Amino acid sequence: MSTPTLVLGSTSRYRRELLSRLGLPFEVAAPDCDETPLAGETAAETATRLARIKAQSLTGRYPNALIIGSDQVALLHGEQLGKPGNFERAFVQLSAMRGQTLVFHTALALHNSASGRTQEIVVPWQVSMRDYSDAEITRYLEREQPYDCAGSAKTEGLGVAMIDRMEGSDPAAIIGLPLIALCHMLREEGYPLL
């Protein structure tokens, strides 16, 4: 039996870079997914649903593949924080996060398009922000422009200067693709990692 194609269902350059760390051959495809949260949905539920849809939406294009979908939702005092998209919204997010602790819910779905099986997991990361100034927010946003990152702070870049501490089980999860969990899922599918 041939090894199925590994497909990353994401246009995120961060997820592409993370997956490339495993040294496995993979293809990248843009998933078809409306990322709007549903009413009454928790952050973990939103992230899981979106990761699943991203993976499963590519089944028709990849009938014999292991398709990876991932999504991340930040939660602060019960409010879901998405990608800010611009300076103004990023400034508002970072202002609200100042001196607070939030949880990033990174969901991962691995869909076997041949068998129809989908594995799912949510990997939480707790992030405590420093009590930074408005001037620091402005300088950070001007330098890094993290408008495509949930919560407006790139932990893999200068955003780490905004953070007091972080806690979680999978370091890649905070960047957007839980690699430890992905390796477990790939092994469950019999995919050769080593």
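The values are calculated or read from the model by the stated rules, or taken from the named source; none is laboratory data. None of these values were measured; they are calculated from a predicted model. Cβ: placed from backbone, ideal geometry, glycine included. Neighbour counts: every protein chain shown.
Odds and ends about this structure:
- Checking each residue in the stretch 126-142 for being within 14 Å of ALA96 (Cα to Cα) and crowded, with 17+ Cβ neighbours inside 10 Å picks out VAL127, MET129, TYR132, ILE137.
- When THR138, THR118 are screened for being closer than 14 Å to ILE68 by Cα and either at pLDDT 95 or above or not polar (S, T, N, Q) (or both), only THR118 passes.
- Residue tally, condition part of a helix (DSSP H, G or I) and not hydrophobic (A, V, I, L, M, F, W, C), over the stretch 1-21: 6
- Considered as a group, the residues in the stretch 57-87 that are among the small types (Gly, Ala, Ser) and assigned to a loop (DSSP other than H, G, I, E, B) include one that is farthest from ILE163 (Cα to Cα), and that residue is GLY60.
- Residues satisfying the stated conditions in the stretch 163-188, i.e. surrounded by 15 or more Cβ atoms within 10 Å (Cβ to Cβ) and charged (D, E, K, R): ASP170
- Those residues of the stretch 22-34 which are in a loop (DSSP other than H, G, I, E, B) and either in contact with a helix residue (DSSP H, G or I) (Cβ under 6 Å, 6 or more places away or on another chain) or of a type in the set (A, V, I, L, M, F, W, C) (or both), in sequence order: LEU22, LEU24, PHE26, ALA30, PRO31, CYS33
- Qualifying residue in the stretch 88-107 (condition: surrounded by fewer than 19 Cβ atoms within 10 Å (Cβ to Cβ), part of a strand (DSSP E or B) and aliphatic (A, V, I, L, M)): yes
- Just one of the listed residues (VAL123, VAL160) is of a type in the set (Val, Ile, Thr) and surrounded by fewer than 19 Cβ atoms within 10 Å (Cβ to Cβ), namely VAL160.
- The lone exception for GLU79 - which of (1) among the acidic types (Asp, Glu); (2) loosely packed, with under 14 Cβ neighbours inside 10 Å; (3) within 22 Å of TYR14 (Cα to Cα) it fails: (3)
- Among the residues making up the stretch 143-157, those that are part of a loop (DSSP other than H, G, I, E, B) and surrounded by 24 or more Cβ atoms within 10 Å (Cβ to Cβ) are CYS149, ALA153.
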